[in-house]
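This report refers to the structure that appears directly beneath it.
The values are calculated or read from the model by the stated rules, or taken from the named source; none is laboratory data. Keep in mind it's a predicted model, so treat the numbers as computed, not measured. Positions of Cβ are generated from backbone atoms using ideal geometry, with glycine treated the same way; all protein chains shown enter the neighbour counts.
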Amino acid sequence: MSQEIDAGKPARRQQRRSIVTQQKLLDAAIEAFSENGFNGTSTRDIAERAGVHHPLITYHFKNKDKLWRAAADRVFRDFRRSLAASLEDHRHEGPKERFASLIRAYVYYAKSQPALHKVMVQEASYPNARLDWLIEEHLKPFFDATFELIEELQALGVAPAGNPKLLFTMIRLSSGGLLALGNELKASSDIDTAKTETLDEIADMIIDVFLPGEIRQNA
């Protein structure tokens, strides 16, 4: 029995090393793709950032396109989970409070993962299969559900009238796009997005601007 246990240890160690290598490559890929875009990033650059041998990219992810999708999948999957958790935590509150919690979660996730908006900006600059995949796999399911929430808030007199899809895009860009400019904001306006109080102020201002109304008593 002990020989069987000992025989399994090398396999488990190899499995753990493999998982660690994959995570290093994904971290490096997220950073590189968000900075330089898909076409401006080489797999050798990713391997160097990860501190691993270049052939390991092919071993774990086959090619650059599959590595990009795996990296984007992690960023946007975790993003959707954080927003879903926020809605669940506030499920017993009113629609305005629930959407306000969504905005706060959006702001904090965008700060913790700058690649969220940087990747979207990189890929949305021209039509491509990666953008199509990102929309169908991650953005559209989340967006469609959010549009319904905004329409409800508009009917209740909380959110301004207008195209709910356009309104959500404005909220989205204010929540995440603004944080993508963190370095510029610090240098030009002395706004430090690394501070918790700054993130809270950003979220509060977005809520005040885009959810200005209170629920009517006869609604």
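Worth a mention:
- Boolean, SER125 is among the polar types (S, T, N, Q) and surrounded by 13 or more Cβ atoms within 10 Å (Cβ to Cβ): no
- PRO212 falls short on exactly one of the conditions (1) under 25 Å from ALA85 (Cα atoms); (2) in contact (Cβ under 8 Å) with a residue 60 or more places away in the chain, and that condition is (2).
- Of the candidates VAL75, VAL158, the single residue that is more than 30 Å from GLN14 (Cβ to Cβ) and buried (at least 17 other Cβ atoms within 10 Å of the Cβ) is VAL158.
- Within the set ARG17, ARG44, ARG98, the sole residue that is assigned by TED's automatic domain parsing to the domain that holds LEU181 and not hydrophobic (A, V, I, L, M, F, W, C) turns out to be ARG98.
- When LEU167 is tested against (1) at pLDDT 95 or above; (2) farther than 27 Å from ASN183 by Cα, just one condition goes unmet, and that condition is (2).
Yes or no, residue by residue, for (1) out of contact with any helix residue (DSSP H, G or I) (no Cβ under 9 Å at 6 or more places or on another chain); (2) assigned to a loop (DSSP other than H, G, I, E, B); (3) closer than 25 Å to ARG69 by Cβ:
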{"residue": "HIS138", "(1), (2), (3)": "no, no, yes"}
{"residue": "GLU148", "(1), (2), (3)": "no, no, no"}
{"residue": "ASN183", "(1), (2), (3)": "yes, no, no"}
{"residue": "ASP208", "(1), (2), (3)": "yes, no, no"}
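- Residue in the range 63-84 that is in contact with a Ser or Thr (Cβ under 9 Å, 6 or more places away or on another chain) and touching a residue at least 60 places away in the same chain (Cβ under 8 Å) present: yes
- Neighbours by Cβ (under 9 Å, 6+ apart or cross-chain): first from the range 128-142, farther than 13 Å from PHE38 by Cβ; second of a type in the set (Lys, Arg) and at pLDDT 95 or above: GLU137/ARG69
- Residue within the range 39-53 that is surrounded by 13 or more Cβ atoms within 10 Å (Cβ to Cβ), part of a helix (DSSP H, G or I), within 18 Å of the chain's Cα centre (by Cα) and at pLDDT 90 or above present: no
- Among residues of the range 1-30 being at pLDDT below 95 and among the acidic types (Asp, Glu), the one that is nearest to ALA124 (Cα to Cα) is ASP6.
- Checklist (1) in contact with a Phe, Trp or Tyr (Cβ under 7 Å, 6 or more places away or on another chain); (2) at pLDDT 95 or above; (3) in the same structural domain as GLU214 (by TED's automatic domain parsing) applied to LEU83, failing item: (2)
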